[in-house]
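Student: Would you mind keeping the following structure in view while I ask a few things?
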Ligand SMILES: [Fe+2]
């Protein structure tokens, strides 16, 4: 059975193709269109998925949309009417946004793909999140928790999933919290208040939190009330997201926390305002963690299960995830590589396969590499045309050369195989560097990533070596498989891992099993033999404002425009010739990609 999952029209559109119960292709639209967080209907991603499997739209048994667009429209309409007349300004915009494309999804899919309308299905948004978390995890029985901003009405669900002995699968989400009560929207309100982009920069709030003290948890606590059943409500007077798209916090919110940060003003921790913003970030982070830990703990007690599968955009918060693992009573915590809305494309397809059609359970490969592959030949061709030095090397020599570069402080653009599905570079589209010196971090922020100084970089370590350098609790290595947890760096190594250790001594470490990315594993091994520290700095291969690179030419273009010293794809290695000027054809091509 061939099922296409689609997420679109909100944030991070994506498509995923499941054939006979197993994913064969999945990619975010942004990776192909090169527009970051592209929310358009993912025609490019769909086309690529179908091409990869050599299918025509007519071959599909079903196309599954990741949420019920009519119900979402109902939520927008109902909440606008409830708060009328306060909402009258935002109402026409909300209606326009919904009616424009979002509601009539069946017609859009049918007209774009030529698939009969009866083959187009819809899942609940949180069922897609739940399926993405549970059906990709190597567990037979687990509690399920999902948390995000909002789907149709639900903002959080809790339940459990079972792979039965007869091959059937059950996912039951027994409880939900509904809009406007939302942990995701609470956190996003602070994201906006702190001058960052909502739905994109929540991780900056988490990064900033490490610089502050949670001295305002009492104020944050006034925004959220816990209910007797273990859920929560937000106190509406402090928010405006339910009535207007223009501002998510109210003037009463500002009375509590002071003036909001101007997004163009840098955060200076030497000033009272800078410290206030950092404290504010630390306080919302702490409250979020406390609520999540409490909810997860109750879920563990209720279900008595050992495993928790956890999805939704809130599951990108690695600091909270580490606390859930440590404090909830669950022994293992599975967060998929794409817990956000892009991952819902895969979740929706898997949900339809197992639950709607009732197909037998299948083991799903435990990795995130479902996107387009890189071609070393294309990299070599582009570099030669551009008058750069190209080496084609066998595996051992290639690794030696890369280790030479890394150990001399060089920065390496590393492309390997199929690209990751999800927001994180997990070893196939990474910028790699030595993890030792703070100067490396500063150089990366300044010359390559063009981003704020307070943002940390992540390390990658072989699973064999992880416990030597990081304080991983039981189950921590599993959570760190897809970089979903933040854990302490062992104090004795913080000095030697300065480029990847955050100000509070933590790191969002990726623990790499050999079978997931054997070449990166071999590189870590070679680097460890040379330097004694088998750890590398691993950050996504992109510059600020651009999606992660997908194909060789995008990698090469990025390499030429920033301070990366060496780029590798397959057996091809290109070292930047500092004096070379880009050829005219290359300049044109780079201009057209930029
Ligand atoms: Fe979501």
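The values are calculated or read from the model by the stated rules, or taken from the named source; none is laboratory data. Small disclaimer: the values here were computed from a predicted structure and weren't measured. Because the Cβ atoms are built from the backbone with ideal geometry, glycine has one as well, and the counts that use them run over all protein chains shown.
Student: When you scan region 365-468 for strands (runs of 3 or more DSSP E) that lie fully inside it, which ones turn up with 1 or more residues that are modelled with pLDDT of 95 or more and closer than 30 Å to residue 18 by Cα?
Tutor: Strands (runs of 3 or more DSSP E) meeting the threshold: 369-373, 412-415, 418-420, 429-433, 458-462.
Student: Now for a different question. Please go through region 322-344 and pick out each residue that is in a helix (DSSP H, G or I) and away from the ligand (no atom under 16 Å from the Cβ).
Tutor: Once the filter is applied, which keeps residues that are in a helix (DSSP H, G or I) and away from the ligand (no atom under 16 Å from the Cβ), region 322-344 yields 322, 323, 324, 325, 326, 327.
Student: Might you check whether a residue that is touching a residue at least 24 places away in the same chain (Cβ under 8 Å), farther than 28 Å from residue 550 by Cβ, in contact with a helix residue (DSSP H, G or I) (Cβ under 8 Å, 6 or more places away or on another chain) and in a loop (DSSP other than H, G, I, E, B) occurs anywhere in region 473-489?
Tutor: Checked against the condition, which is being touching a residue at least 24 places away in the same chain (Cβ under 8 Å), farther than 28 Å from residue 550 by Cβ, in contact with a helix residue (DSSP H, G or I) (Cβ under 8 Å, 6 or more places away or on another chain) and in a loop (DSSP other than H, G, I, E, B), region 473-489 yields at least one hit.
Student: Which of the following residues is modelled with pLDDT under 85 and crowded, with 18+ Cβ neighbours inside 10 Å: 128, 83?
Tutor: 83
Student: Residues in region 148-157: is at least one within 16 Å of the ligand (Cβ to nearest atom), in contact with a strand residue (DSSP E or B) (Cβ under 8 Å, 6 or more places away or on another chain), part of a strand (DSSP E or B) and closer than 30 Å to residue 262 by Cβ?
Tutor: yes
Student: Determine whether residue 319 is touching a strand residue (DSSP E or B) at 6+ places or on another chain (Cβ under 8 Å), in a helix (DSSP H, G or I), within 16 Å of the ligand (Cβ to nearest atom) and touching a residue at least 12 places away in the same chain (Cβ under 8 Å).
Tutor: Here the answer is no, as residue 319 does not meet what is asked.
Student: Out of region 109-135, which residues are closer than 19 Å to residue 357 by Cα and either away from the ligand (no atom under 16 Å from the Cβ) or in a strand (DSSP E or B) (or both)?
Tutor: 115, 116, 117, 118, 119, 120, 121, 122, 135
Student: Just give me the residues in region 185-198 being under 13 Å from residue 239 (Cα atoms) and either within 16 Å of the chain's Cα centre (by Cα) or within 14 Å of the ligand (Cβ to nearest atom) (or both), in sequence order.
Tutor: Hits for region 185-198 are 185, 187, 188.
Student: If I ask for residues that are in a loop (DSSP other than H, G, I, E, B), touching a helix residue (DSSP H, G or I) at 6+ places or on another chain (Cβ under 7 Å) and over 21 Å from residue 502 (Cα atoms), which ones from region 181-198 would you list?
Tutor: Result: 198, single match.
Student: Among the residues of region 211-234, is any under 23 Å from residue 344 (Cβ atoms) and either touching a helix residue (DSSP H, G or I) at 6+ places or on another chain (Cβ under 7 Å) or more than 16 Å from the ligand (Cβ to nearest atom) (or both)?
Tutor: yes
Student: Right, another one. Does region 158-174 contain at least one residue that is surrounded by 24 or more Cβ atoms within 10 Å (Cβ to Cβ) and within 11 Å of the ligand (Cβ to nearest atom)?
Tutor: For region 158-174, residues surrounded by 24 or more Cβ atoms within 10 Å (Cβ to Cβ) and within 11 Å of the ligand (Cβ to nearest atom): absent.
Student: Which one is nearest to the ligand (Cβ to nearest atom) among residues in region 299-313 that are under 22 Å from residue 151 (Cβ atoms) and either more than 21 Å from the chain's Cα centre (by Cα) or not in a loop (DSSP other than H, G, I, E, B) (or both)?
Tutor: Across region 299-313, the extreme among qualifying residues is 313.
Student: For region 290-309, give me each residue that is in contact with a helix residue (DSSP H, G or I) (Cβ under 6 Å, 6 or more places away or on another chain) and either closer than 21 Å to residue 343 by Cα or buried (at least 21 other Cβ atoms within 10 Å of the Cβ) (or both).
Tutor: 292, 296, 309
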